[in-house]
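So the structure is just underneath, and the comments pick up after that.
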Ligand code: ADP
Ligand code: MG
């Protein structure tokens, strides 16, 4: 099946030296002016390699951090150019700007197989504003467009939705892998389908919980969002994070009977490495304490439900896994997901980081590279960036 009927690299009208604008999710973590984790760059290499084998020239575009619509040296793509050069084994020059007369001659003079990296897309206010003029200037740098930025495809930003309207276009290899895999969660045939959701906020994830409840056999809730559910059940939650505005919604979700909320909780008075912790019943969180992880009884129950899943989605850590006293619940869930014989998907930046931190990423069928994008895709079954490819100019 062609997922959502997206155009493929093979559909591009390529000749020697055809210039391809490749949008990549290059929003990598930096440390001391260097790329600290190059996963987002390496996952795009198959697409770049394929284009190079086909003698295309590449104009690569991405964003880094949140510069405020104007050039800001601390968000320059220079470190990314350096790492790309190393990985591709060829010099990748950095353009002096994103678009315009200073960049066009560079793009025009690329030899077949050569690569140019544009400056940070968000140096231009037109990127996040989806300004048609900016999109036109971007498209002017190339003959074709490839979206290899699944993780940014939920945003109607100029570089995602603009060029594919006017240039022959395709989805990259990684984008196809994401869409194909996540599509299995849209109309699932494998039963039981279990979703494990955690992380910081219910408000971020209400839409996806709602959508999942239509398709899942059960939704297991941990992380900070569990406390809004506990509040909806009428329990006191001490100083735990809650979203009072969401209590009504959570009550509605609980009424479906498919949501499982923790029965015990790890509490502490502060989020510190040497915190004094207690395990208490979810109905008995003491005043002045906050819940920071699911308790062992809950972790055990969740792990056994995960073990029986034929299809499993995990998004959002079960606790503040970054701090040692609160890591156990997330680790137990990660181990259960790794051991699950069903098809397993982890989506979400922090949950993916947790799985990698535990060395379990290889034992999960798919660790999505798109945090917000994967959740939106699961919720809506489509994304603005994918729709743009589908409806855009045909090769
Ligand atoms: P993801 O990126 O996997 O979608 P989120 O961004 O929604 O996950 O949430 C991750 C964050 O939630 C982590 O930084 C974690 O520390 C925090 N978190 C999890 N449980 C709690 C809790 N009980 N109290 C406060 N923060 C929590
Ligand atoms: Mg996150």
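Any read-out appearing in this document is the output of simple, stated calculations on the displayed coordinates, not a laboratory observation. These figures come from a predicted structure and were not determined experimentally. Note that we place each Cβ from the backbone using ideal geometry, even for glycine, and neighbour counts take in every protein chain shown.
Observations on the structure shown:
- At an R0 of 45 angstrom, the distance between the Cβ atoms of residue 90 and residue 203 translates into a FRET efficiency of 0.50.
- Once you reduce the stretch 236-288 and the stretch 193-231 to the center of their Cα atoms, the two points are 13 Å from each other.
- Burial ordering of 185, 45, fewest other beta-carbon atoms within 10 Å first: 45, 185
- Estimated inter-spin distance, residue 304 and residue 358, nm [label 7 Å along Cα→Cβ]: 1.8
- Bridge orientation summary for the stretch 9-178: considering DSSP beta bridges with both residues in this region, about 10 percent are antiparallel.
- Isotropic mean projected area of the C-alpha convex hull, the chain (nm²): 19.4
- Degrees separating the helix 173-183 axis from the principal Cα axis of the chain, which is the longest one: 30
- Listed residues 324, 139, 336, most fluctuating in the chain (Gaussian network, C-alpha, under 10 Å): 324
- Among 297, 376, the ranking by other beta carbons within 10 Å of each residue's beta carbon, starting with the fewest, stands as 297, 376.
- With the convex hull drawn around the C-alpha atoms of the stretch 28-135, the volume per residue stands at 103 Å³.
- Listed peptides 364-373, 170-179 by packing density, highest first (mean Cβ within 10 Å): 170-179, 364-373
- Within the chain, DSSP assigns beta bridges of which about 25% are antiparallel (rounded to the nearest 5).
- Put in order of Cβ neighbour count within 10 Å, fewest first, the listed residues 246, 77 become 246, 77.
- The equivalent ellipsoid that matches the C-alpha gyration tensor of the stretch 188-378 spans semi-axes of 24, 19, 14 angstrom, in descending order.
- With N counted as the residues of the stretch 279-395, its alpha-carbon radius of gyration over 2.2 N^0.38 Å works out to 1.28.
- Nearest-ten-degree value, helix 328-339 long axis tilted from longest Cα axis of the chain: 60
- The long axis of helix 296-307 is offset from the longest Cα principal axis of the chain by roughly 50 degrees.
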